[in-house]
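The values are calculated or read from the model by the stated rules, or taken from the named source; none is laboratory data. What you see is a predicted model; the values in this text were computed from it and never measured. Using ideal geometry, Cβ is built from the backbone for each residue, glycine included, and neighbour counts are taken over all protein chains shown. For the accessible areas, the whole protein counts, side chains as well, though only heavy atoms, and no ligand, DNA or RNA atoms are used. Shrake-Rupley method; radii C 1.70, N 1.55, O 1.52, S 1.80 Å.
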Amino acid sequence: MKILTVVGARPNFIKAAPLHRAFRQYPTIESKIVHTGQHYDARMSAIFFRELDLPEPDYTLGISTGTQVQQLAEIMLRFEDVLTAEQPDWVLVVGDVTSTLACALVANKMGVRVAHVEAGLRSGDRKMPEEINRILTDSIADLLFVTEQAGLDNLKREGIADEKVRFVGNVMIDSLAYSRMKANEQNTVGQLGLLPGGYVVMTMHRPGNVDTEAGLTNLVAIVERVARDKTVLFPVHPRTRSNLVRYGLLGCLTMIPNVRLLEPQGYLAFLNLLEHAAIVITDSGGVQEETTYLRVPCLTLRQSTERPVTVELGTNQLLAKLDPDSVRERVTDILTCGAKQSLTPPLWDGNAATRIAAALLETRS
Ligand code: UDP
């Protein structure tokens, strides 16, 4: 059985690594990786391949930076050639980025079966480009691998047939469990001269939060308020950095006392920083899950989450009201009263990729 796994952006590499490792356990599976090039620089791409033991991609589509439409179109055209050459049994797409939708569509048009890993997640917010990518990909996928109960409920509500859906757990957590010890050995916290529990980690990159001047100005004010209580470590996503530069706000952020702006971190460094943070403030999808697994308090600066189990069982709290004083209040609450009780969601046990490999193999019979 030949499986082509598509990756394009940072979170994809982290999800694909355990899948490729699981596929290689089976001599009957031929696993190939296609990198679309959505994220291409060393800090957002190459370091993840190295740290997660992913081999060089079999194909690199090398798409250029451009609008979402340009990227979608370019990926589709180039991926068509790959499918023509490879004729795989399955195209496996992960997550919710442009590459996910583009390659799922091409496979569907060319009669190749599509499996979607991390299917069924819905924020309910159709203004998020990721939400549209999720809905469209799920509507054409032949096999849908789900991480949490809400995913099952959403797919049922959308009329996706039960026999296409498998509840398998979370490949993001597979990577975390696989890398946690290595991350702790690397001890980025110590290397940065920090103490466990002595800092807050912040990551922000959703278009809704960082694409407008007003949103970014508010973000700078949030950072300033939080830094009054704790050192803030802020690995700045390239999208956020370029918008900070565009609106002339990078200087203000740099001047705030008790804030350390960092380049995007490698996976091991970031995991170590997450695990020992007092609080994580984020708008990332994956980070909500990782903090839940690590039982680190997480404040998600968004109106909604597509990962409700992290709020129901985990450590995550949504903060829809993004004014700086409310955020600071919530941070102070956690620092003084401690984190909320939390549990590990069902099947987030480090074995999701093995279940996915087994399910794909079953489709042969
Ligand atoms: N991450 C990382 N370095 C960083 C920030 C995040 O390795 O500086 C990892 C994080 O641990 C998680 C993934 O990147 O596994 C999340 O990616 P991102 O927030 O870009 O995407 P999302 O999950 O929101 O789609």
Can you give me the number of residues within region 336-354 that are open to solvent by 60 Å² or more (accessible area, probe 1.4 Å) and modelled with pLDDT under 95? 4
For residues that are outside any loop (DSSP other than H, G, I, E, B) and under 16 Å from Ala102 (Cβ atoms), scanning just region 34-58, find the one that is nearest to the ligand (Cβ to nearest atom). His35
With respect to Thr65, is the statement that it is assigned to a loop (DSSP other than H, G, I, E, B) and either touching a Pro at 6+ places or on another chain (Cβ under 6 Å) or open to solvent by 10 Å² or more (accessible area, probe 1.4 Å) (or both) true? yes
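In region 255-274, how many are assigned to a loop (DSSP other than H, G, I, E, B) and near the ligand (Cβ under 10 Å from one of its atoms)? Steps first, answer last, please.
At the first step, the residues of region 255-274 found to be assigned to a loop (DSSP other than H, G, I, E, B) are 256-258, 263-266.
From what is left, the residues that are near the ligand (Cβ under 10 Å from one of its atoms) are 263-266.
Selection size over region 255-274: 4.
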Is it the case that region 238-250 has a residue that's in a helix (DSSP H, G or I), under 26 Å from Leu121 (Cβ atoms) and more than 12 Å from the ligand (Cβ to nearest atom)? yes
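What about Pro238, is it in contact with a helix residue (DSSP H, G or I) (Cβ under 9 Å, 6 or more places away or on another chain) and either at pLDDT below 95 or not β-branched (Val, Ile, Thr) (or both)?
On the way: in contact with a helix residue (DSSP H, G or I) (Cβ under 9 Å, 6 or more places away or on another chain): no; either at pLDDT below 95 or not β-branched (Val, Ile, Thr) (or both): yes.
No: the conditions fail for Pro238.
Suppose the filter is open to solvent by less than 20 Å² (accessible area, probe 1.4 Å) and not in a helix (DSSP H, G or I); does Ala277 pass it?
Numbers: open to solvent by less than 20 Å² (accessible area, probe 1.4 Å): yes; not in a helix (DSSP H, G or I): yes.
In short, yes.
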Only one of (1) touching a residue at least 40 places away in the same chain (Cβ under 8 Å); (2) open to solvent by 10 Å² or more (accessible area, probe 1.4 Å); (3) charged (D, E, K, R) is not met by Arg246, so which one is it? (1)
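Can you confirm whether region 201-210 contains a residue that is assigned to a helix (DSSP H, G or I) and under 18 Å from Cys298 (Cα atoms)?
Residues of region 201-210 assigned to a helix (DSSP H, G or I): 207-210.
Among the residues that remain, those that are also under 18 Å from Cys298 (Cα atoms) are: 209.
Within region 201-210, one or more residues are assigned to a helix (DSSP H, G or I) and under 18 Å from Cys298 (Cα atoms).
Checking the structure you have, find out if any residue of region 150-163 is within 16 Å of the ligand (Cβ to nearest atom) and touching a Ser or Thr at 6+ places or on another chain (Cβ under 7 Å).
No; the residues of region 150-163 include none that is within 16 Å of the ligand (Cβ to nearest atom) and touching a Ser or Thr at 6+ places or on another chain (Cβ under 7 Å).
Look through region 339-360, keep the residues that are free of Cβ contacts under 8 Å to residues at least 40 places away in the same chain and within 20 Å of Val309 (Cα to Cα), and return whichever of them is nearest to the chain's Cα centre (by Cα). Walk me through how you get there before you give the answer.
Quick first cut of region 339-360, residues free of Cβ contacts under 8 Å to residues at least 40 places away in the same chain only: 341, 343, 358.
Of the ones still in play, those that are also within 20 Å of Val309 (Cα to Cα) are 341, 343.
Details: Gln341: 24, Leu343: 20 Å.
So, considering only residues that are free of Cβ contacts under 8 Å to residues at least 40 places away in the same chain and within 20 Å of Val309 (Cα to Cα), the one nearest to the chain's Cα centre (by Cα) is Leu343.
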Quick one: count up the residues across region 280-301 that are closer than 11 Å to Ile334 by Cβ and open to solvent by 10 Å² or more (accessible area, probe 1.4 Å). 1
Could we say that Asp96 is open to solvent by less than 50 Å² (accessible area, probe 1.4 Å), charged (D, E, K, R) and either touching a Cys at 6+ places or on another chain (Cβ under 6 Å) or closer than 24 Å to Arg355 by Cα (or both) here? yes
Among Thr344, Thr336, Thr363, Thr332, which is the only one that is over 26 Å from Val201 (Cβ atoms) and not aliphatic (A, V, I, L, M)? Thr363
Mind checking which residues of region 105-130 are assigned to a helix (DSSP H, G or I), crowded, with 19+ Cβ neighbours inside 10 Å and touching a residue at least 60 places away in the same chain (Cβ under 8 Å)? Glu130
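Tally up the residues in region 309-365 that are outside any loop (DSSP other than H, G, I, E, B) and closer than 25 Å to Leu152 by Cβ, please. Even if it seems obvious, please write down each step before you answer.
Step one: filter region 309-365 for residues outside any loop (DSSP other than H, G, I, E, B), giving 309-312, 316-318, 324-337, 352-362.
Subset that is closer than 25 Å to Leu152 by Cβ: 309-312, 316-318, 352-362.
Within region 309-365, residues that are outside any loop (DSSP other than H, G, I, E, B) and closer than 25 Å to Leu152 by Cβ number 18.
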Single residue of region 18-47 satisfying the filter (modelled with pLDDT of 95 or more and among the basic types (Lys, Arg)) that is surrounded by the most Cβ atoms within 10 Å (Cβ to Cβ): Arg21
Being within 22 Å of the chain's Cα centre (by Cα), crowded, with 22+ Cβ neighbours inside 10 Å and on the phi < 0 side of the Ramachandran plot narrows it down to one of Val200, Val165, so name that one. Val200
Please give the number of the condition Gly193 fails out of (1) under 26 Å from Asn12 (Cα atoms); (2) free of Cβ contacts under 8 Å to residues at least 24 places away in the same chain. (1)
